[in-house]
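The values are calculated or read from the model by the stated rules, or taken from the named source; none is laboratory data. The model shown is predicted, which means the values in this text are computed figures rather than measured ones. Please note: Cβ atoms are built from the backbone with ideal geometry, for glycine as well, and neighbour counts cover all protein chains shown. When the accessible area is computed, the model is the full protein with side chains, heavy atoms only, and any ligands, DNA or RNA have been set aside. Shrake-Rupley method; radii C 1.70, N 1.55, O 1.52, S 1.80 Å.
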Amino acid sequence: MTKPLVYVCRHIPECGLELLRRSADVRIHDGQLPPTRDELLAGVGGTDAILSLLSDRIDLEVLEAAGPNLKVISNFAVGYNNIDLRAASERGVRVGNTPDVLTDATADLAITLLFAVARKVREASAAVLDGSWRTWEPTGWQGLELAGKTLGIIGMGRIGSQVAQRLHHGWQMPVIYTARNDKSELAASSKAQRVDLEELLSRSDVISVHVPLTGGTRHLLGARELAQMRSHAILINTARGEVIDQDALIAALENRQIFGAGLDVCTPESLPTDSALLKLDNCLVLPHIGSATYPARNAMATRAAENVLAGIAGQPLPYEVFAS
Ligand code: DGY
């Protein structure tokens, strides 16, 4: 009997591939970069499942290129803004993601960025590397302290609530948040209060962004919103770059309208090395490494493979997402 065929858009941790190989033939796109559009369209042909990454746009054209056997798209990420859910559901193709297992890793990275920006780690480290560090500096590289400062969480979901808990209990930060729906259960452990966006922007000393990218959240923070932030505030984004209007953020940072920004995500990814964002000493940019720990990535690989196997067996996925 022929085995089902799975197209995997890049090498993922071996534990996930091994799980797939037990029940399916696996066609992997080789190489460090995502498949080009042509490679993707050719690679998915005749498959039963696609294991995609957030860098692969999976839309109607890809679904059509895959053909009638396609049953499931399993994204190796919690976010799934790269997938046209409606087109998939209209063709009866299930879509899955990898929630929970990367929550701690991503929350930890948001806090890493926060302290790095608050304490000017980027500039201080650059001075060590470029030789401009001459002696102990009584007035150099002074930054901010965070204990007791107000934390604003935009998007009190799994990751947002973990960032809130860590900073509330570790640094006694009062927490306010915005969310589309009631999140009182997730907010309870940090005693967070729900407010509207305007209030969050004007009251927070630190703002951390945790909303998924949707039509409603694209450029949620633009020039108008950035202008409402406090002059010493720090903005952290570990969600998706497009949630912030990047040009408006560059202007706000250049004008010292806010203290600084820490970004694990940006637009585009990767960021050209001549981007104005990289010239700013009050901005730290990382290459989207929120979930990049060994345990998180291994668990994501297993979870993504489990979704594939359930989908090709015609069963609901353990971690399935639906068009709203
Ligand atoms: C996700 O899972 O959506 C992150 O952005 C990458 O791990």
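Before moving on, here are some points about what is shown:
- Within the set GLN193, GLN172, GLN165, GLN228, the sole residue that is open to solvent by 20 Å² or more (accessible area, probe 1.4 Å), on the phi > 0 side of the Ramachandran plot and modelled with pLDDT of 95 or more turns out to be GLN172.
- Residue under evaluation LEU309, criteria (1) open to solvent by 20 Å² or more (accessible area, probe 1.4 Å); (2) more than 15 Å from the ligand (Cβ to nearest atom); (3) assigned by TED's automatic domain parsing to the domain that holds LYS149; (4) assigned to a helix (DSSP H, G or I), criterion not met: (3)
- Of the numbered criteria (1) of a type outside the set (Gly, Ala, Ser); (2) within 16 Å of the ligand (Cβ to nearest atom); (3) touching a helix residue (DSSP H, G or I) at 6+ places or on another chain (Cβ under 7 Å), the one GLU242 fails is (3).
- Test set (1) surrounded by fewer than 18 Cβ atoms within 10 Å (Cβ to Cβ); (2) within 29 Å of VAL78 (Cα to Cα); (3) in contact (Cβ under 8 Å) with a residue 40 or more places away in the chain - GLU198 fails condition number: (3)
- Scan of region 12-32 for residues that are open to solvent by less than 20 Å² (accessible area, probe 1.4 Å) and in a helix (DSSP H, G or I), ordered by number: GLY16, LEU17, LEU20
- Yes/no for THR139 being open to solvent by 10 Å² or more (accessible area, probe 1.4 Å) and either within 12 Å of the ligand (Cβ to nearest atom) or more than 18 Å from VAL321 (Cβ to Cβ) (or both): yes
- Within region 64-117, the set of residues being outside any loop (DSSP other than H, G, I, E, B), out of contact with any Asp or Glu (no Cβ under 7 Å at 6 or more places or on another chain) and within 11 Å of the ligand (Cβ to nearest atom) comprises ASN75, THR103, ALA105, THR106.
- Some residue of region 151-159 being within 16 Å of the ligand (Cβ to nearest atom), outside any helix (DSSP H, G or I) and not assigned by TED's automatic domain parsing to the domain that holds ALA192: no
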